[in-house]
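Participant: First, the structure itself, so that you have it in front of you.
Just so it is clear, none of the values below were taken in a lab; they were calculated from the coordinates. From a predicted model like this one, the values you see are computed outputs, not experimental measurements. Backbone-built Cβ (ideal geometry, glycine too); neighbour counts: all protein chains shown.
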Amino acid sequence: MDVGGGLGGTTITTKRNAATTSEEATERRLLDQVLERQKTLRDLALKERAAREQVRELTEENAVLREYIENLTSSGSGSGGSATFSAHKK
């Protein structure tokens with residue numbers, strides 16, 4: 001293989017440039033994939049936090065409703081069902 005001047009040297013240089021360009025394209029593609037996955041991970045983390053907050057709120061609401069129902073059933077048997085709601089939501 002001719003590595004000096006002339007056509008042989010040009011062919012090797014062209015192949016090296018093509019390989020470098022291919023490697024750079026691969027690196028750009030991989031970097032784009034990493035950035036996209038980081039964005040997806042951030043989005044999922046935000047959704048997870050929102051879901052946890054919603055679960056916490058629903059759990060509190062469920063406790064209030066449970067207390068209300070217990071008050072209705074316990075005082076309803078002796079007073080003809082005229083229970084008042086004494087639980088309050090935080």
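Participant: Could you line up VAL55, VAL64 from fewest to most neighbouring Cβ atoms inside 10 Å?
Facilitator: Numbers: VAL55 10, VAL64 14.
Least crowded to most crowded, the residues run VAL55, VAL64.
Participant: Applying the Karplus parametrisation 6.51 cos²θ - 1.76 cosθ + 1.60 with θ = phi - 60° to the phi angles of the range 53-60, what ³J(HN,Hα) value in whole Hz is obtained for each residue in order, glycine and proline being reported as x?
Facilitator: Each residue's phi maps through the Karplus curve to give 5, 5, 4, 4, 5, 5, 5, 5 Hz.
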